[in-house]
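Note sheet for the following structure.
The values are calculated or read from the model by the stated rules, or taken from the named source; none is laboratory data. Not measured: the values here are computed from a predicted model. Note: ideal-geometry Cβ built from the backbone for every residue, glycine included; neighbour counts use all protein chains shown.
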Amino acid sequence: MGSSPKDEVGLVRQAHSLTADLTTPDRGVYWLDLLLTATAAWGGLALAATTHGLAVGLVAGLVGLLALYRGLSFIHEISHLRPKDVPGFRLGWNLLIGVPLMTPSMMYEGVHNLHHAKDRFGTARDPEYLPLGRYSPFKLALFAAISLLAPLGVILRSGILIPLSFVVPAVRRLVRTKLSALVINPDFVREDNDRTRPDWLAQEVGCWLWCWSAAALTVAGVVPVRVVLTWFALFSLATFVNQLRTLVAHYWENDGERMSFEDQFLDSVNVPPPALLPFLWAPVGLRYHALHHLLPRLPYHNLGKAHARLSAQLAATSPYHRVEERGLFVALAKLFRRAGLAPTVETGAVERQSV
């Protein structure tokens, strides 16, 4: 049963009043986090790709993997930042993370905010929702496994389809409407228009030139093949971890019907302390996904403080206390158990649009 509009307003008003002083992004935190993360990501990758020691390679690879995943996760934060919040951060992130992984911020900007639209969430118009809770366990496993192909997807998009799109209008329309959004709903079509933002166009060209340059340097022997294979492996595993996180970010029970705001919140998940591992598999505030849906303007570095306040001060009967899970594997086990019992959805929509 959905809540009344009065109840929904009450929950939002309480949450806003308790966290009003936490809405300003700390520019120093953003920049320091990004720079340290990028250093660990590329340093770990470089060491893993060049060392002759197995133990050193494995440790460096793990550090590179987790840092690369954390760096990628900033794309979510960027989609909520206004340019004046942290000046230059979008450009810095694209140069350090987005373009080298051929996953620029324009693939999430203007898309993710639709997932937060109250009249879209959980419906066929939501780019980031599928009734995964009604999928069979096999389809859930396929949904997770398909993410391992993400590096192939971005190479195809950046190295072949983007340059081709500048000379073939039909390919351009395909790239802009179906292959320029990070979504899980394969039926989502991004609005196509002729007013492409100059910075978005620059991101696409940057990915194209990066892809061709990396390929040329590898063929010429300047960049060892092992470096490319390590990049591919770490990127693939990072997107797989993200796909597992996606599976536990919501309960995925809705099947296209419009939902009340409280029901949208109750479909979302927090994995708060004392659990420690979510810091690694749900970084940059993603462990507080339900809180983020309640207060999407809160910067990631203040979500922990906000959660502590809300947990302590909201009444025991508040819906806020009903959206917590203890950890990744516990939440995944619950999802697969529900999937095994629930009627399955007949759909082929199990692929993440990663290109």
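Let's see how each residue does on (1) surrounded by fewer than 17 Cβ atoms within 10 Å (Cβ to Cβ); (2) more than 22 Å from the chain's Cα centre (by Cα); (3) at pLDDT 95 or above; (4) under 28 Å from VAL228 (Cβ atoms):
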{"position": "LYS118", "(1), (2), (3), (4)": "yes, no, no, no"}
{"position": "LEU130", "(1), (2), (3), (4)": "no, no, yes, no"}
{"position": "GLY159", "(1), (2), (3), (4)": "no, yes, yes, yes"}
{"position": "VAL205", "(1), (2), (3), (4)": "yes, yes, yes, yes"}
Between a first residue in the stretch 110-128 that is closer than 13 Å to MET259 by Cβ and a second residue that is among the aliphatic types (A, V, I, L, M) and outside any loop (DSSP other than H, G, I, E, B), which pairs have beta carbons less than 7 Å apart while being 6 or more apart in sequence or on different chains?
-> ARG120/LEU114; ASP126/LEU114
Which one of these is out of contact with any helix residue (DSSP H, G or I) (no Cβ under 8 Å at 6 or more places or on another chain), surrounded by fewer than 15 Cβ atoms within 10 Å (Cβ to Cβ) and among the β-branched types (Val, Ile, Thr): VAL225, VAL219?
-> VAL219
Check on ALA170, out of contact with any helix residue (DSSP H, G or I) (no Cβ under 9 Å at 6 or more places or on another chain) and in a helix (DSSP H, G or I) | yes
Of all residues in the stretch 258-280, how many are part of a loop (DSSP other than H, G, I, E, B) and either farther than 22 Å from SER311 by Cα or not β-branched (Val, Ile, Thr) (or both)?
-> 10
When ALA124 is evaluated against the numbered criteria (1) loosely packed, with under 15 Cβ neighbours inside 10 Å; (2) touching a Gly at 6+ places or on another chain (Cβ under 6 Å); (3) part of a helix (DSSP H, G or I), which criterion, by number, is the only one it fails?
-> (3)
Those residues of the stretch 239-257 which are hydroxyl-bearing (Ser, Thr, Tyr) and either part of a helix (DSSP H, G or I) or in contact with a Lys or Arg (Cβ under 6 Å, 6 or more places away or on another chain) (or both) amount to THR239, THR246
Any idea which of (1) within 26 Å of ASP85 (Cα to Cα); (2) surrounded by fewer than 21 Cβ atoms within 10 Å (Cβ to Cβ); (3) of a type in the set (D, E, K, R) is the one ARG337 doesn't satisfy?
-> (1)
Exactly one of VAL248, VAL227 is touching a residue at least 60 places away in the same chain (Cβ under 8 Å) and over 24 Å from the mean Cα position of the chain (by Cα), and that one is VAL227
Here the residues within the stretch 21-77 that are over 20 Å from PRO278 (Cα atoms), surrounded by fewer than 21 Cβ atoms within 10 Å (Cβ to Cβ) and either modelled with pLDDT under 95 or of a type in the set (A, V, I, L, M, F, W, C) (or both) are LEU22, TRP31, LEU32, LEU35, TRP42, ALA46, LEU47, LEU54, ALA55, VAL56, LEU58
When both residues are 6+ apart or on different chains and their Cβ atoms are under 7 Å apart, which pairs have a first residue that lies in the stretch 85-104 and is surrounded by fewer than 22 Cβ atoms within 10 Å (Cβ to Cβ), and a second that is in a loop (DSSP other than H, G, I, E, B)?
-> ASP85/PRO25; PHE89/LEU81
Number of positions in the stretch 287-326 that are crowded, with 17+ Cβ neighbours inside 10 Å and either among the basic types (Lys, Arg) or on the phi > 0 side of the Ramachandran plot (or both) | 1
Filter result for VAL154 (surrounded by 14 or more Cβ atoms within 10 Å (Cβ to Cβ) and more than 30 Å from ARG287 (Cα to Cα)) = no
So ALA312 clears everything in (1) touching a residue at least 12 places away in the same chain (Cβ under 8 Å); (2) closer than 30 Å to GLY28 by Cβ except one condition, right? Which one?
-> (1)
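Conditions (1) touching a Ser or Thr at 6+ places or on another chain (Cβ under 7 Å); (2) in contact (Cβ under 8 Å) with a residue 12 or more places away in the chain; (3) farther than 24 Å from HIS76 by Cβ; (4) of a type in the set (Phe, Trp, Tyr), marked per residue:
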residue: ILE146; (1), (2), (3), (4): no, yes, no, no
residue: LEU149; (1), (2), (3), (4): no, yes, no, no
residue: LEU156; (1), (2), (3), (4): no, yes, no, no
residue: PHE166; (1), (2), (3), (4): no, no, yes, yes
residue: ALA170; (1), (2), (3), (4): no, no, yes, no
residue: PRO186; (1), (2), (3), (4): no, yes, no, no
residue: ARG190; (1), (2), (3), (4): yes, yes, no, no
